[in-house]
Amino acid sequence: MDDVVLTIDVDWAPDFAIDFVAEQLIARQVHATWFVTHMSPAVARLQRHPDYFELGIHPNFLAGSTHGDTPEKVVRHCRTLLPEASSMRTHALVQSTPLLRQVVAQTRITTDVSLFLPYTPNIRPVEFQWRTGALLRIPYFWADDFEMERRDSCWQLARLLTLGQGLKVFAFHPIHVYLNSADIQLYEALKREIPKISEALPDGLSRYARTGEGACSLFMELIGYLACRSRSLSIQDVSDHWWRHRENSKVSTANRK
């Protein structure tokens, strides 16, 4: 599987940033999976485009989470937020075997995208099994916030696509696409000025927006690339393909016996 997949961590972004990203995707008819942290008018607008957007959950298990002060409450909150969601990426990649087992037991989640393997070739999904259920784990390959931390950052799609075969799942954040972020220190300065990014207004962010290479330039390059392919994929599409392939392999093996 050598597919390229676009995912977006909402991370409490202001609605105008969510709308900006969604409008680019809809204009080019590109599919994406959004991992949602909260409900807002912009997120409700995403729900109006199921042909393009899969909505998964982005539970925050960190201390001080607005999703809840125990894992049970966080899972319950996210289940209420998007009861039909089948995929998730945990905020800050918080994870453990008991936590994943709990998510499987209490939600409809069948796919997790919380494994980050930056720049790794030959990525493919892997199945976690428990007696009570199974979870398909799909690692992701690139993230804008990670790239902002790297000394030798890469914002050119062509270079990233040459890093071996295998599945390449990209992760973006609406705020970084909106600002064309490329420097983590500049973003940290923004957060000191506006601690609650969700309440920011466009005018207040204008001096933090960048030109040149950054999250937005790569995002636009990526969706242009995906728009030219026969079909772009969501995480659910990748998951469905993997399970079909698994079942077909089992049938083929049984027939040979």
May I ask you to verify whether residue 55 is open to solvent by less than 40 Å² (accessible area, probe 1.4 Å) and either of a type in the set (Gly, Ala, Ser) or touching a strand residue (DSSP E or B) at 6+ places or on another chain (Cβ under 7 Å) (or both)? yes
Taking segment 103-153 and keeping only residues that are aromatic (Phe, Trp, Tyr) and more than 29 Å from residue 217 (Cβ to Cβ), one is left with 128, 130
Sort out for me the helices (runs of 4 or more DSSP H) sitting completely within segment 173-257 that have 3 or more residues that are within 23 Å of residue 38 (Cα to Cα), touching a residue at least 12 places away in the same chain (Cβ under 8 Å) and open to solvent by less than 20 Å² (accessible area, probe 1.4 Å). 174-179
Restrict the check to segment 25-47 and report whether at least one residue is closer than 24 Å to residue 116 by Cα, aromatic (Phe, Trp, Tyr) and more than 13 Å from the chain's Cα centre (by Cα). no
I need the full set of residues from segment 125-137 which are touching a residue at least 24 places away in the same chain (Cβ under 8 Å), part of a strand (DSSP E or B) and open to solvent by 50 Å² or more (accessible area, probe 1.4 Å), in order please. 128
Within segment 73-87, is even one residue open to solvent by 60 Å² or more (accessible area, probe 1.4 Å) and within 14 Å of the chain's Cα centre (by Cα)? no
Cross-chain or 6+ apart pairs with Cβ under 8 Å, segment 26-45 first and on the phi > 0 side of the Ramachandran plot, then part of a helix (DSSP H, G or I) and open to solvent by 10 Å² or more (accessible area, probe 1.4 Å): 29/227
Being open to solvent by 10 Å² or more (accessible area, probe 1.4 Å), modelled with pLDDT under 95 and either under 24 Å from residue 139 (Cβ atoms) or of a type in the set (Gly, Ala, Ser) (or both): is that true of residue 2 here? yes
Result of the Cβ filter at 8 Å on segment 142-157, keeping first residues that are free of Cβ contacts under 8 Å to residues at least 40 places away in the same chain and farther than 21 Å from residue 123 by Cα and partners that are loosely packed, with under 15 Cβ neighbours inside 10 Å and among the basic types (Lys, Arg), at least 6 apart or interchain, is none
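The values are calculated or read from the model by the stated rules, or taken from the named source; none is laboratory data. None of these values were measured; they are calculated from a predicted model. Every residue, glycine among them, receives a Cβ derived from its backbone with ideal geometry; neighbour counts consider all protein chains shown. Ligands, DNA and RNA are excluded from the accessible area calculation, which covers all protein heavy atoms including side chains. Shrake-Rupley method; radii C 1.70, N 1.55, O 1.52, S 1.80 Å.
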